[in-house]
Amino acid sequence: MFSRPSVIRLSIVGLAAALSLSACAPPRTVTPAAPAEQPAAAPPKITHIRFALDWAIEGPSAPFLIALDKGYFAEEGLSVVIDRGTGSAGTVTKVASGAYEMGYADINSMIEFNVKNPDKALLAIAMVYNTAPMTVFTLKDKNIASPKDLEGKKIGAPAGDAGRRLFPLFAKATGIDKDKVEWVTMEPALREPTLAKGEVDAITAFYASGWFGLLRNKVAPENIVAFMYKDVGLPLYGNAVMASPKFLQENEAAVKGFLKALARGWQDALADPAAAIEILKRREPLIDGEIELQRLKMVIENHFLTDEVKQNGFGAVDKDRLSEAVKMVVEGFELPETPSIDAVFTDKYLPAKETRMPPAQ
């Protein structure tokens, strides 16, 4: 009966002692937790661009391949894939369909497409061929000394060839009755062989393509006669870089980076054409380096480096000239309406003028 209070008393004493010891204990040191590890910085955004050329990889393709080979696109945060084309009309369609984000094609073909397909219209953002390369080729032994002599003759070309489609403009500028010319439709690869064999009297082709195509078919240079559209007063422009307005708006920084890199590639091609062709050969080992070097030099002289380009730099246009050219294209293609200049070309994405001037000669 006396054990129970004893137990209670001991418990109280023990509790008091514990509280006393706790009060006398030094304050407890709390070590702060290590700061949480910061997440790694996000990698820089890479924009992937599928790019379609107008035709096969040849000397004039050098600015694009240089920018790719030397890492100029990569420096702008771009992952670019470049594919050959099968003609300007096809490239325009590929870009408009979304199969490619950007492309390189004849601006005149783009204008025609835009008018006929306003819901899929593209916009040119950098002019590369400052003059149109469309040309009528014939041979001296055909006795065609002037464009007027083409009347009553057979001219060969694919149905969709730009030179053929715009021949009415050439005819008007040179006084030809276009209805007195007979057209023979053929595949692009058959143009030069057909003329060399004498099966037609003339063909239409891009200047550098037709010239070297005839040389490959054993036609002597002195036997080639070329009537270039640019030399008869036609203000037409040629190939340009283009994309859909939607892609341009959503990828402004990437597009500007693309053109900045391309301007560098263009400058390198002009500064050292031989080195440019070596880069092409790494991509296309079977090309004839000597022919492609001559082709590139010919395009530089006639289309890449005109007086207008020397004044305004790579990629730009003269808006008054472009306005006149658009009206001519509408007339030549017999289009139902004339698009505004702003619906055809913009310089918004071009780099600063001082960064896209030709290299010092």
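Computed from the coordinates by the stated procedures, all read-outs in this text should not be read as laboratory data. Keep in mind that what you see is a predicted model, and the values were worked out from it rather than measured. In this analysis, Cβ positions are derived from the backbone assuming ideal geometry, glycine residues included, and neighbour counts consider all displayed protein chains.
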Check: Taking the Cβ of Thr91 as the center, what net charge do the other residues with Cβ under 15 Å away carry, scoring Lys and Arg +1 and Asp and Glu -1?
Finding: -3
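Give the residue list of trypsin sites (Lys or Arg not before Pro) in the range 71-136 that are DSSP loop and have at most 15 other beta-carbon atoms within 10 angstrom.
Answer by residue number: Arg84.
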Notebook entry, point to check: Points 7 angstrom from Cα along the Cβ direction at Lys154 and Arg84: gap in nanometres?
Noted result: 2.9
Margin query: No solvent, one uniform scatterer per C-alpha: report log10 I(q)/I(0) for the chain via the Debye equation at q = 0.09 1/Å, two decimals.
Written below: -0.54
Margin query: Over 20 Å between Cα atoms: which of Lys142/Lys230; Lys120/Lys260; Lys178/Lys230; Lys94/Lys120; Lys172/Lys327 fall into that group?
Written below: Lys142/Lys230; Lys120/Lys260
Item checked: Sum of side-chain charges, Val81 neighbourhood, beta-carbon under 11 Å (Lys, Arg +1; Asp, Glu -1) -> -1
Note to self: Run the simple label-point estimate for Lys178 and Lys246 please: 7 Å along Cα→C-beta, distance reported in nm.
What the structure shows: 3.4
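Give the residue list of GluC sites (Glu not before Pro) in the range 287-361 that are DSSP loop and have at most 11 other beta-carbon atoms within 10 angstrom.
Of the GluC sites (Glu not before Pro), the ones in loops of the range 287-361 whose Cβ has at most 11 other Cβ atoms within 10 Å are Glu334, Glu337.
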Item checked: Gyration tensor (Cα) of the range 134-232, equivalent ellipsoid semi-axes in angstrom -> 19, 14, 13
Next item on the list: Rank these for me by crowding, Tyr237, Tyr349, going from fewest to most other beta carbons within 10 Å.
Entry: Tyr349, Tyr237
Next item on the list: Taking 7 Å along the Cα-to-C-beta vector as the label spot, tell me the Glu331-Asp272 distance in nanometres, rounded to one decimal.
Entry: 4.6
Checklist line | Contour minus Cα-Cα distance for Lys120 and Thr306 (0.36 nm per residue) | finding: 63.8 nm
Item checked: Linear extension gain, Glu290 paired with Lys197, 0.36 nm per residue minus alpha-carbon span -> 31.0 nm
Check: Which whole-number percent gives the relative contact order of the range 134-232, counting Cα pairs below 8 Å spaced six or more residues apart?
Finding: 45
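Okay, helix-only estimate at 222 nm for the chain: each DSSP H run of n ≥ 4 adds -39500 (n - 2.57), divide by all residues, round to 500 deg cm²/dmol; what do you get?
One gets -12500 deg cm²/dmol as the mean residue ellipticity at 222 nm.
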Item checked: Kyte-Doolittle mean at least -0.5, axial Cα span of 24 Å or more - DSSP H helices of the chain -> 3-24, 252-271
Check: Taking K and R as +1 and D and E as -1, what net charge do the other residues with C-beta under 15 Å from the C-beta of Glu331 add up to?
Finding: 0
